[in-house]
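Here is the structure we will look at.
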Amino acid sequence: MKKKVENHKYIVIHNIKNLGRQIIKGETMPVETTNTADTANTPQERSYQRIFSLVGFLTGIARSAGLFLFGIFLGLGIVLRDPPPDKKSLAIIEKLNSENESLKLSIKKQEEDAKVPVFSTIKDGVVIGR
């Protein structure tokens with residue numbers, strides 16, 4: 001443990017001393033670049049890499065398709081469980097329209113059934129003395 005602390009102190013001191021010099025000289029830290037995939041040396045390794053890249057591609061497509069379908073089913077569940085208020089309003093309007101028509105018909109029937117008496121006409125009369 002003591003050795004690690006001493007190494008860290010040395011690294012910190014070294015970096016503090018050399019930081020100014022590197023900035024003044026315009027030096028930059030070295031950058032290492034490597035390939036993410038190791039180069040294959042044999043045909044077997046190359047075929048394994050091709051198979052793994054194909055499997056990775058297919059699993060990526062399967063994940064995307066699964067997420068897409070999950071979103072569709074989730075949206076359908078929300079819409080079917082709680083339909084938008086517009087559809088409810090349309091159903092209520094249709095119901096009220098049908099009730100309105102039935103009420104109009106019943107009012108017409110009541111008007112036809114209740115005949116208004118007419119007082120100014122003579123229904124059965126006999127003329128005497130002419």
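Okay, here's what the table says:
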| read-out | value |
| --- | --- |
| Some residue of segment 36-49 being at pLDDT below 65 and of a type in the set (Ser, Thr, Tyr) | yes |
| Residue that is part of a helix (DSSP H, G or I) and modelled with pLDDT under 80, where the choices are VAL127, VAL79, VAL116 | VAL79 |
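The values are calculated or read from the model by the stated rules, or taken from the named source; none is laboratory data. From a predicted model like this one, the values you see are computed outputs, not experimental measurements.
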